[in-house]
Every structure is written in structure tokens, then in C-alpha cells.
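Input: a single structure, listed below in C-alpha cells.
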Amino acid sequence: MTTIAPAQSKITYTSASVDWELFHRQFDDALARVRGQLGGDYPLYIAGEAVPSPAPPIIDRSPIDTGVVLGRFTAATPPQVDRAVSAARAGQPAWMHGGWRERVAILRRAAGLVRERKFELAAIMSLEVGKARVEAMGDAEEAADLIDYYCQQVEDANGFVRQMARVTPVEHNTDLLRPYGVFACIAPFNFPLALSTGMSSAALVAGNAVVYKPAEEASWTGLKLYEIYRDAGLPPGVFNYLSGYGPEAGETLWRHPGVDGVVFTGSKAVGLRIHQGLATRWIKPCLLEMGGKNAAIVMESADLDAAAEGVVRSAFGLQNQKCSATSRVYVHERVARPFLEQLVGKTRALKVGDPTERDVVLGPVINAEAVARFERAVAQVSREKGGAILHGGERLSGASFERGHFVAPTIARLPLSSSLFCDELFVPFLAVAEVSGLEQAIAETNKAEYGLTAGIFSNTGATTGAWPGAQPFTGWKGSGSTGKGGCGPYYVAQFLREQSRTVIEA
């Protein structure tokens, strides 16, 4: 039975007016409940039924302390993927024909359940992927807001049904958008609830069924999303939960001939592989968000304190493991020295440690592979002519860090020719270079193959974010595939195909 938390104002990534003592008490209570559930064994869920697999399970370990086993999650293999796709195909027609109003009602109940369970969800995310408390709560709040926003899109469009003009007096023309059928939803670890919920709820409210594979590092959070949809009244088979590894479960899922479309958030390499391999017999919808290499530009007229604060928040929130995180800075040569002094000072003040603790803002990276990627980037700095580590550059040691994947938030001054300005790293590593003016800064920014977010600090200014209905999150170049992103007004329509109907009046 889920305990409903006392009333609390919404907490997002930029919250200020919050009763923090109440928040931390509620978070502590939820964390204690969640820790009491550690080490469980969890199946797949297909058509509402618990399903085993003969494969060795995913041992879900906390990146904070890899000795802590959060749970053992069944790893789907091709037979279970096939069963899940079949269940989705069987459940989708009734879900579609039940009508958009029924779908909206069920999904709005799901949004309400996210809000009721948000402290438990946030506590799990903090343990499972290393999110600090406010980051984890922002993730949960965003998930609920995404559901409501996508439901509102369907309501505003009257179910995407529109009466059209007549060519002749005897005809009645209707244009409508219809669901494709079954979507594979393959989600990342970094926003394990918000991105999973946003992608899946848009597909569902449009009338599609979903086969969902969370990142293996976020299997527990993914399971909680399944439970929310189930408890909200989603019919069996309409949303199927497949924990599993990418090569066995993910690859099999997106390649399955019974899948009508794919929505994916993850690396560019995997996204391009999906895009290139998905269309065999015909073109299928493929919604991809594939990362970023986001720049901040700091001009000589900027408020340097505000610029340094904005860059630090964007660069080191969730250990830079965000598609939108600032990972490179181009600063005007006339203010480079004072800006870097402020940037290093603010970074040095960040408390690194166990992100479930109330005053920690920077936790571990997700896994050992991320640590190795960080170490390779640091080693490259010493090989760059003029390269220098201004802060950080090491794996953290000591009793509180030894069992987890902890690295120091790192700032490196580099020549503009360095590949570290273009390679997506997804670790807390910030590359900085000097420029002579805005034109050069923009030219350098556009050299990267990614196109997602950026920010300019002049008299005022900030790096950009993403929030449902306020800031759409739309990538181009190597960052996206459709040009219409999550959190924006055109997202749900991408899960639908257009159909024109003409009825001749007698």
C-alpha cells in the first residue's frame, strides 16, 4: 500500500519558495521506506502478467555504493520480447477504439498517482541513478506535468479530428490523425521517470500500445512507472514492461516486425543505428533524442557572477549526465580571468557525496564505464598544447567514495582545436576556451555535430532548460530526428498518422 505524502508545493530544478524542512522530512521518510524494499526479485510484466526469463537477472546496484543491491530484475530475451509485442498488438485496437476521452481520463489518473508517489519515486531515483534530492524530485514532477500537457494537446485538438472543406456539394470531408499501432519505447538512465513517462504517455494518449524497455541501470524506476499505469486503469497489454540489456532486449525490440514505430532517447551512435535499421519493408516513425554538446557563451558585458553560477548549475547538475548540460564554455578574452576565478570558486564549493543526503548537490556518475570515459578525457588534457586542469581531474577517494563511481567536477582550459569541445562525454567535465568576440564564439559553437541547447550571457542571459509547455526540447543535426521535441506543442501528433475520409451524402 502506498502512503500518500502530506501536501507540499511543487519542487522543480529551479525551486526557491519551498518549505525545505518539510521537504527533507518527507524525503527522509520515503527513503527509509524504499531502503526497506532493497534486494527484491522482479519479473517482466506482459499483458498484466508476471513473466520470468531463463537469462541471468540484471543485478541493479547503486552507483553510490556498488555493494548495495537495489534489486534483481528479470532480463528479457527474444521470446519475451516477441510475447510482449504480440500482447501489445492484441491490446491496442480496444485501447484505440475506446476513444480519446477515455484515454485522457486514465492518463490523468496516472499523473495524479505520480504526484501521490513522488517522494518514493524520487528516493528510488536518488539511489538508483545518483540524483540529488531536488534533481530527483524535479524528475518526478516533470513526469506528471508531461502527462497532463500531452493530454491537454489531445483535448485542445478535439482528438485530432478536423472537418475539412467540400470539393463538391455532396461530400463531407474529415481529416483525422490515427495511431500507428505499437511503439517500442526505449528509455535512458538519466531522467528515468520523466523521459520514460513523456515518451510513453504521448504514445499512449494517441491510442498506441507500448512495449517499454527502461535503461538497465534504471530498472526499478521503470517498474514503478508500469505500476502507476496499471493502477491508473490502463488495460492489460497496452503497456508492457521489459527490463533487459540493450543487445538482447532493446535491439530485438526495435527490430521486431510487429513494432510500428520507435521512440528512443540515448546516444547518437545507437540512435543512428536504429534510424538506419528500422525501415526495411517501409518507413516507420522514428522519434530520436540523441544527446548534445551544449555551449555557454560569456561576453565581456556579462554579469560574471551570474554567468559563473549559471554555468556551474548547468554543467554539474546530475554530474553533467544530461543531454542539455553545459559541457563547453567560450568566454571573451577580456573577462576570461575573472570569470574563471568565479567559475572555479563556485565549483570548489559544491558538496560531492551521497546524493540521498540533504546538502549534497553532486553524486556519482552512473557506472564504471563513465568513470573510464572521464579518466580518458582528463588524460587528454595533458596532451593538448596549452591544456590545463583548472579544478578537479581526479577520481575521488576516501571512505565515503571508495565503493561508488565518484569523480571530481572538473574544469579544463583547452585550445579551440581540442576534440573535447566536440565529443559528448556525459561526465562532469567542462571545457573552456577564450574567444575574441561573439561571432567567433558562435562559429565555434556550431562546429559540434550536435544541436540541442545553448546560452549566451551578455547583459543578461542564461543557459536554456526544458519544461512541459514552456521550453520544448528539440534537437537537430546529431541531436534529434524529427525537429519536433518533447515538452512542445507538436509532440503527440508525431505518434499519429493522417487519414482523410470522404463520405458522399445520399
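The values are calculated or read from the model by the stated rules, or taken from the named source; none is laboratory data. Here the structure is a predicted model, which means the values were calculated and not measured. Every residue, glycine as well, gets a Cβ built from its backbone with ideal geometry; the counts of neighbours run over all protein chains shown.
Worth pointing out:
- Residue in region 204-213 that is of a type outside the set (A, V, I, L, M) and farther than 24 Å from Glu102 by Cβ present: yes
- Residues that are in contact (Cβ under 8 Å) with a residue 12 or more places away in the chain, out of contact with any strand residue (DSSP E or B) (no Cβ under 7 Å at 6 or more places or on another chain) and farther than 12 Å from Asn320 by Cβ within region 365-374 comprise Asn367, Ala368, listed in sequence order.
- Tyr13 vs. criteria within 25 Å of the chain's Cα centre (by Cα), in a loop (DSSP other than H, G, I, E, B) and surrounded by 15 or more Cβ atoms within 10 Å (Cβ to Cβ): yes
- Within this structure, Val114 passes the test of being among the hydrophobic types (A, V, I, L, M, F, W, C), closer than 30 Å to Gly159 by Cα and crowded, with 20+ Cβ neighbours inside 10 Å.
- Residues in region 372-402 that are aliphatic (A, V, I, L, M) and touching a helix residue (DSSP H, G or I) at 6+ places or on another chain (Cβ under 8 Å): Ala377, Val381, Ala388, Ile389, Leu390.
- Reported count of residues in region 371-406, each being within 22 Å of the chain's Cα centre (by Cα) and buried (at least 20 other Cβ atoms within 10 Å of the Cβ), is 3.
- When the criteria are applied in full, Ser400 fails the requirement of being modelled with pLDDT of 95 or more, of a type in the set (Gly, Ala, Ser), over 21 Å from Ser267 (Cβ atoms) and part of a loop (DSSP other than H, G, I, E, B).
One line per residue, one yes/no per condition, for (1) surrounded by 20 or more Cβ atoms within 10 Å (Cβ to Cβ); (2) in the same structural domain as Leu127 (by TED's automatic domain parsing); (3) among the hydroxyl-bearing types (Ser, Thr, Tyr); (4) closer than 18 Å to Phe473 by Cβ:
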residue	(1), (2), (3), (4)
Val259	yes, yes, no, no
Gly266	yes, yes, no, yes
Ala307	yes, no, no, no
Val311	yes, no, no, no
Gln319	yes, no, no, no
Cys323	yes, no, no, yes
Val329	yes, no, no, no
His332	yes, no, no, no
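- Looking across region 412-436, the residues that are in a loop (DSSP other than H, G, I, E, B), touching a residue at least 60 places away in the same chain (Cβ under 8 Å) and either in contact with a strand residue (DSSP E or B) (Cβ under 7 Å, 6 or more places away or on another chain) or closer than 30 Å to Phe189 by Cβ (or both) come down to Cys422, Asp423, Glu424, Leu425, Phe426, Val427, Pro428.
- So Gly291, is it farther than 30 Å from Leu22 by Cα, small (Gly, Ala, Ser), modelled with pLDDT under 95 and part of a loop (DSSP other than H, G, I, E, B): yes
- Number of residues in region 484-495 that are under 17 Å from the mean Cα position of the chain (by Cα) and free of Cβ contacts under 8 Å to residues at least 60 places away in the same chain: the value is 2.
- Looking only at region 186-220, residues that are aliphatic (A, V, I, L, M) and part of a strand (DSSP E or B) come to 4 in all.
- When restricted to residues that are of a type outside the set (S, T, N, Q), in a helix (DSSP H, G or I) and touching a residue at least 24 places away in the same chain (Cβ under 8 Å), region 437-483 contains 4.
- Residue count, region 451-483 (criterion: surrounded by fewer than 18 Cβ atoms within 10 Å (Cβ to Cβ), within 24 Å of Asp423 (Cα to Cα) and touching a helix residue (DSSP H, G or I) at 6+ places or on another chain (Cβ under 8 Å)): 2
- Residue pairs meeting the criteria (Cβ under 6 Å; at least 6 apart or on separate chains; first under 21 Å from Phe429 (Cα atoms), in region 392-405; second of a type in the set (Phe, Trp, Tyr) and modelled with pLDDT of 95 or more): Leu396/Phe406
- In region 360-367 there is at least one residue that is of a type in the set (Gly, Ala, Ser), on the phi < 0 side of the Ramachandran plot and surrounded by 19 or more Cβ atoms within 10 Å (Cβ to Cβ).
- All positions within region 326-356 that are without any contact (Cβ under 8 Å) to a residue 40 or more places away in the chain and in a loop (DSSP other than H, G, I, E, B): Arg334, Val335, Ala349, Lys351
- Residue that is surrounded by the fewest Cβ atoms within 10 Å (Cβ to Cβ), among those in region 139-183 that are under 23 Å from Leu113 (Cβ atoms) and touching a Leu at 6+ places or on another chain (Cβ under 7 Å): Cys151
- Failed item, numbered, when Gly437 is tested on (1) among the small types (Gly, Ala, Ser); (2) touching a Ser or Thr at 6+ places or on another chain (Cβ under 8 Å); (3) modelled with pLDDT of 90 or more: (2)
- Cβ pairs under 7 Å, 6+ apart, first in region 196-222 and outside the structural domain of Lys131 (by TED's automatic domain parsing) and of a type in the set (D, E, K, R), second part of a helix (DSSP H, G or I) and crowded, with 24+ Cβ neighbours inside 10 Å: none
- Residue within region 228-246 that is closer than 25 Å to Gly39 by Cα, surrounded by fewer than 21 Cβ atoms within 10 Å (Cβ to Cβ) and modelled with pLDDT under 95 present: yes
- Some residue of region 490-502 being in contact with a helix residue (DSSP H, G or I) (Cβ under 7 Å, 6 or more places away or on another chain), crowded, with 21+ Cβ neighbours inside 10 Å, modelled with pLDDT of 95 or more and part of a loop (DSSP other than H, G, I, E, B): yes
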